[in-house]
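In what follows, a structure is listed as structure tokens, so that the remarks can point back to it.
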Amino acid sequence: MPLHKGPEQPDERPMSVNPFYGEANPVGGMTEAPPKHRLPETPLPPTTAVQLVHDELMLDGNSRLNLATFVTTWMEPEAGVLMAECRDKNMIDKDEYPRTAELEKRCVAMLADLWNAPDPSAAVGCSTTGSSEACMLAGMALKRRWTQRNKDRYPAARPNLVMGVNVQVCWEKFCNFWEVEARQVPMEGDRFHLDPQAAAELCDENTIGVVGILGSTFDGSYEPIADLCAALDALQERTGLDIPVHVDGASGAMVAPFLDPDLIWDFRLPRVASINTSGHKYGLVYPGVGWALWRDKEALPEELVFRVNYLGGDMPTFALNFSRPGAQVVAQYYTFLRLGREGYRAVQQSTREVARGLADRIEALGDFKLLTRGDELPVFAFTTAPGVENYDVFDISRRLREHGWLVPAYTFPANREDLSVLRIVCRNGFSADLAELFLDDLTLLLPQLRNQPYPLTRDKRAATGFHH
């Protein structure tokens with residue numbers, strides 16, 4: 001979560017209260033307008049408080065038009081009802097809410113089966129607040145397994161984790177917080193994610209694992225997990241180094257099983273020790289819920305597991321967070337029941353078709369060059385075509401925002417810092433009709449952009465953020 005601090009120059013102006021906000025008397029509750037940065041001295045009527053908050057939130061963007069986020073922005077009303085019923089249930093209280101705990105357990109079993117665990121009953125897993133926490137847990141398990149095997153050298157030897165430069169920022173946080181050296185494979189040419197052989201070459205006796213990304217947030221492409229495992233198999237034959245792989249399937253682990261069933265990336269590969277996903281991305285649940293699974297008990301060191309009393313028995317838990325609502329876990333179980341394999345396949349296929357169709361039509365405009373086409377994750381990235389000099393991707397992002405569309409523009413990392421792109425994330429709820437409206441707005445802007453004398457965005461770093 002972002003860190004906040006108080007305003008440097010406190011705004012002492014009180015909030016404006018409309019006379020109509022009073023419950024019965026039009027001037028009721030208006031003896032003192034509430035301050036902005038300190039607690040008011042007296043309570044407000046609930047209707048006044050809710051209207052003040054509601055009015056300010058109107059200035060937020062429309063989440064359905066946010067093409068930057070991977071997070072689910074639409075669910076069925078029935079899911080909302082279930083979530084409302086469970087928002088006061090604390091997931092950590094297993095003995096008080098045993099059925100919620102049971103639904104969590106069933107979700108883990110369903111994912112173990114979906115990801116082809118050799119023995120789904122032996123797989124170990126848990127819910128999390130999202131993929132970032134799941135990645136932290138997976139990284140902790142990798143480091144602890146390495147330290148157990150290297151007790152004679154640790155802590156003198158510094159552990160490292162190998163990954164592509166395109167990883168989500170949570171992996172950089174993990175390496176920083178848990179004092180692990182991050183060894184990143186740079187981008188090269190038209191390769192925008194990890195190269196298996198280059199990753200293997202960065203490994204040594206201090207490598208705790210390699211992270212493969214099933215669905216890069218930079219461009220939506222899958223990293224070649226099977227090729228990565230093969231490169232590490234060859235490394236083990238040459239050197240004896242046995243290095244596990246964690247698959248960060250934040251998005252792709254809920255897409256590939258349904259749309260790319262022949263793609264080998266999961267527990268069918270013996271070197272894959274753990275997998276995470278975001279239930280609140282292509283798992284189709286509101287934020288925040290994620291999942292972390294290990295192929296068996298050996299992959300998750302027992303000393304990391306805490307035990308809590310559960311119905312007079314023993315319940316193992318593994319988490320960084322403590323109290324959190326059970327609503328999202330219940331919503332995940334509802335969605336698994338509601339859709340099943342065929343339902344998920346239909347939803348994800350529809351989303352991919354929207355992405356591919358929109359990518360093709362953007363390319364047909366002639367001003368843009370596609371980097372990806374939405375045929376892996378339903379996500380694609382594009383940049384301005386050679387010869388387009390009057391405007392850049394940052395101008396496009398800024399102008400689209402005037403129409404309500406939130407489309408991130410950003411520069412790629414090391415070795416491809418010359419490349420700036422736009423990225424569109426297609427999710428369930430971003431329909432073909434909305435894609436048509438988006439294309440209409442983009443087409444409407446092009447004549448104005450073409451008539452610019454030069455790109456108008458000065459500070460590209462501040463133009464728009466890169467949203468994972």
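The values are calculated or read from the model by the stated rules, or taken from the named source; none is laboratory data. Treat the numbers as computed from the prediction; the structure is a model and nothing was measured. Neighbour counts run over all protein chains shown; Cβ positions are idealised from the backbone, glycine included. Surface areas here come from the heavy atoms of the whole protein model, side chains and all, with no ligands, DNA or RNA. Shrake-Rupley method; radii C 1.70, N 1.55, O 1.52, S 1.80 Å.
In table form, for the structure just shown:
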item: Whichever residue in the stretch 419-433 is open to solvent by 30 Å² or more (accessible area, probe 1.4 Å) and closer than 18 Å to Thr72 by Cβ and, among such residues, is farthest from the chain's Cα centre (by Cα); result: Ser431
item: Positions within the stretch 401-411 being under 23 Å from the mean Cα position of the chain (by Cα), in a loop (DSSP other than H, G, I, E, B) and surrounded by fewer than 21 Cβ atoms within 10 Å (Cβ to Cβ), in sequence order; result: Gly404
item: Single residue of the stretch 231-277 satisfying the filter (farther than 24 Å from Pro120 by Cα and small (Gly, Ala, Ser)) that is nearest to the chain's Cα centre (by Cα); result: Ala231
item: Boolean, Gly366 is at pLDDT below 95 and either closer than 30 Å to Ala385 by Cβ or not basic (Lys, Arg) (or both); result: no
item: Enumeration of residues in the stretch 184-234 that are of a type in the set (A, V, I, L, M, F, W, C), open to solvent by less than 20 Å² (accessible area, probe 1.4 Å) and over 28 Å from Pro261 (Cα atoms); result: Cys203, Ile208
item: Of all residues making up the stretch 57-107, the number that are part of a loop (DSSP other than H, G, I, E, B), surrounded by 15 or more Cβ atoms within 10 Å (Cβ to Cβ) and touching a Lys or Arg at 6+ places or on another chain (Cβ under 9 Å); result: 10
item: Residue in the stretch 299-319 that is of a type in the set (Phe, Trp, Tyr) and modelled with pLDDT of 95 or more present; result: no
item: Members of the stretch 108-123 that are open to solvent by 40 Å² or more (accessible area, probe 1.4 Å), over 18 Å from Pro261 (Cβ atoms) and touching a residue at least 60 places away in the same chain (Cβ under 8 Å); result: Asp119
item: Selected residue (criterion: surrounded by the fewest Cβ atoms within 10 Å (Cβ to Cβ)) from residues of the stretch 365-384 that are among the charged types (D, E, K, R) and over 13 Å from Cys426 (Cα atoms); result: Lys369
item: Criterion (without any contact (Cβ under 8 Å) to a residue 40 or more places away in the chain, of a type in the set (Lys, Arg) and within 21 Å of Pro301 (Cα to Cα)) met by exactly one of Arg149, Arg183, Arg145; result: Arg149
item: The lone exception for Pro447 - which of (1) more than 24 Å from Gly252 (Cβ to Cβ); (2) assigned to a strand (DSSP E or B) it fails; result: (2)
item: Top-ranked residue in the stretch 365-379 [being within 25 Å of the chain's Cα centre (by Cα) and part of a loop (DSSP other than H, G, I, E, B); ranked as nearest to Asp395 (Cα to Cα)]; result: Leu371
item: Which listed residue, of Leu406, Leu439, Leu422, Leu444, is of a type outside the set (Ser, Thr, Tyr) and touching a Lys or Arg at 6+ places or on another chain (Cβ under 9 Å); result: Leu439
item: Selection status of Tyr391, more than 28 Å from Glu353 (Cβ to Cβ) and buried (at least 21 other Cβ atoms within 10 Å of the Cβ); result: yes
item: 2 or more residues aromatic (Phe, Trp, Tyr) and within 23 Å of the chain's Cα centre (by Cα): qualifying helices (runs of 4 or more DSSP H) within the stretch 126-203; result: 169-177
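Rundown of residues vs (1) modelled with pLDDT of 90 or more; (2) farther than 30 Å from Val421 by Cβ, yes/no style:
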site: Thr47; (1), (2): no, yes
site: Gly61; (1), (2): no, no
site: Ala68; (1), (2): yes, no
site: Pro77; (1), (2): yes, yes
site: Cys86; (1), (2): yes, yes
site: Lys94; (1), (2): no, yes
site: Pro98; (1), (2): no, yes
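Conditions (1) free of Cβ contacts under 8 Å to residues at least 60 places away in the same chain; (2) part of a loop (DSSP other than H, G, I, E, B); (3) open to solvent by 50 Å² or more (accessible area, probe 1.4 Å), marked per residue:
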position	(1), (2), (3)
Ser350	no, no, yes
Gly357	no, no, no
Glu363	yes, no, yes
Arg399	yes, no, no
Pro413	no, yes, no
Glu417	yes, yes, yes
